[in-house]
Ligand code: UD1
């Protein structure tokens, strides 16, 4: 068994690490080649995750870096092909919905190498999101669609994907969270930042629809107003940092930081009073941890985090940030109830699928 895993961005590392671990154990004599496209390349966006997740250094670095969507995808395709020629994998495993994912799936499919897609079948039904295009293309090029919630199966069925290709395995990002729980609970990042556990809002924002245009300035103003009511901790993604600098945004009262390592971030997440985000993965992590999550987007490809979890969709509307304190005060006490198969064993189920 020869498997190539292709990852490129911060959330990819989190989703793929436990799968590599499970498949290495299942096929100890197989070849497990890790390819890092280099879409994310800063130490805090990449290396730190390999260290904390215990993933060995990649076997191949494609160093595609930043660029337009076409440039990023084209560089992945051009640089991955010779790697796959050399590695001759029986399977290419890709996670999530980023440009690297879609480009890797296309490269492999053109070479007639079967593709397995981790976190398949999610749909926001919003084709202005680059990730939505990546999801659709990747799913339709994949042989094995590894899904984490039942609605993914409905979405794929509606698009004509044969049911025998679809496998409900659970959530590999939650595998990582469960595996790291003892370590991140010991970190106490909140107190290190000078905020009280349970008392602050943790913010992450990086989607182009929010940060690449005029909504960014208004969002920062609204966050500054929120910070007068409760501490606001905001580790800033490089895309967002660049845009904030471009508009010379002022941010009185906000506790801004560099991007955080995963243990620090999970520690802050688990201790937060609430989370405000436009990230996909964080909607899932807060659902698992039972932390109230407010999503500053018009839609979500993860509706299960609303129906089963702790997520509230605020809309793509910075003014809605003002509603967070009241919403928290009125929130019914509810025990967290993670969706079925978000249990730490999804990667084992993926190993079962691959073995089958
Ligand atoms: C990408 C994904 C997005 C995912 C996010 C996770 C696509 C289309 N987007 O968005 O789905 O949610 O990753 O973080 O694939 N930059 C750095 N250092 C880095 C990486 C990026 O400074 O290590 C800066 C560069 O200025 C770059 C910008 O961030 O141009 C955006 O990076 P890019 O990878 O294009 O998209 P993300 O916004 O990170």
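None of the figures in this text is laboratory data; all of them are computed from the coordinates on show. Since the model is a prediction, treat every value here as computed from it, not as a measurement. Ideal geometry is used to build each Cβ from the backbone, glycine not excepted, and the neighbour counts take in all protein chains shown.
Below are the figures for this structure:
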| quantity | calculated |
| --- | --- |
| Cα point-scatterer Debye curve for the range 251-308, base-10 log of I(q)/I(0) at q = 0.15, 0.17, 0.20 Å⁻¹ | -0.47, -0.59, -0.80 |
| Peptides 222-235, 200-213, 88-101, 240-253 ordered by average Cβ neighbours within 10 Å, highest first | 88-101, 200-213, 222-235, 240-253 |
| Nitroxide proxy distance, nm - points 7 Å out along Cα→Cβ at residue 306 and residue 248 | 3.9 |
| Cα pair distances of the range 104-171 binned at 10 Å [whole percent] | 23, 55, 22, 0 |
| For peptides 335-343, 76-84, sequence by mean Cβ density within 10 Å, most packed first | 76-84, 335-343 |
| Percentage, to the nearest whole number, of Cα pairs in the chain over 39 Å apart | 11 |
| Compactness of the range 250-356 as Cα Rg over 2.2 N^0.38 Å, two decimals | 1.22 |
| All Cα pairs of the range 1-56, percent lying beyond 15 Å | 45 |
| The chain: angle of helix 69-87 to the longest principal axis, Cα-based, in degrees nearest 10 | 40 |
| Taking the range 1-132 and dividing mean pair separation by its residue count, relative contact order in percent (alpha carbons under 8 Å, at least six apart) | 29 |
| Bins of 5 Å, starting at 0 and running to the largest distance - Cα pair percent for the range 296-356 | 4, 13, 17, 17, 17, 11, 8, 6, 4, 2, 0 |
| Nitroxide proxy distance, nm - points 7 Å out along Cα→Cβ at residue 225 and residue 143 | 5.5 |
| Ratio of Rg to Rh over the range 1-127 (Cα coordinates, Kirkwood Rh, two decimals) | 0.94 |
| For the chain, built as a Gaussian network whose Cα springs stay under 10 Å, the top-fluctuating residue of 237, 69, 36 | 69 |
| Most to least packed among 130-137, 167-174, 49-56 [average Cβ atoms within 10 Å] | 167-174, 130-137, 49-56 |
| Pairwise FRET efficiency - residue 88 versus residue 326, Cβ, R0 = 56 Å, nearest 0.05 | 0.45 |
| Share of pairwise Cα separations in the range 67-132, more than 16 Å, in percent | 48 |
| Whole-number D in µm²/s for the range 116-266 (Stokes-Einstein; Kirkwood sum over Cα pairs; 4 °C, 1.567 mPa s) | 71 |
| The chain, helix-only ellipticity at 222 nm - DSSP H runs n ≥ 4, -39,500 (n - 2.57), divided by all residues, nearest 500 | -13500 deg cm²/dmol |
| Two-decimal Rg/Rh across the range 221-268, once Rg and the Kirkwood Rh are taken from alpha-carbon atoms | 1.00 |
| Radius ratio Rg over Rh of the range 179-272, counting only Cα atoms, Kirkwood formula for Rh | 0.99 |
| Cα-based equivalent ellipsoid, the range 18-93: semi-axes from gyration tensor eigenvalues, Å | 23, 18, 8 |
| Whole-percent pair-distance distribution, where bins are 5 Å wide, for the alpha carbons of the range 142-219 | 3, 11, 12, 10, 11, 15, 17, 12, 7, 3, 0 |
| Gap separating the Cα centres of the range 1-53 and the range 66-105, nearest whole Å | 14 |
| Mean separation of Cα contacts under 8 Å (6+ apart) over length of the range 220-320, as relative contact order % | 20 |
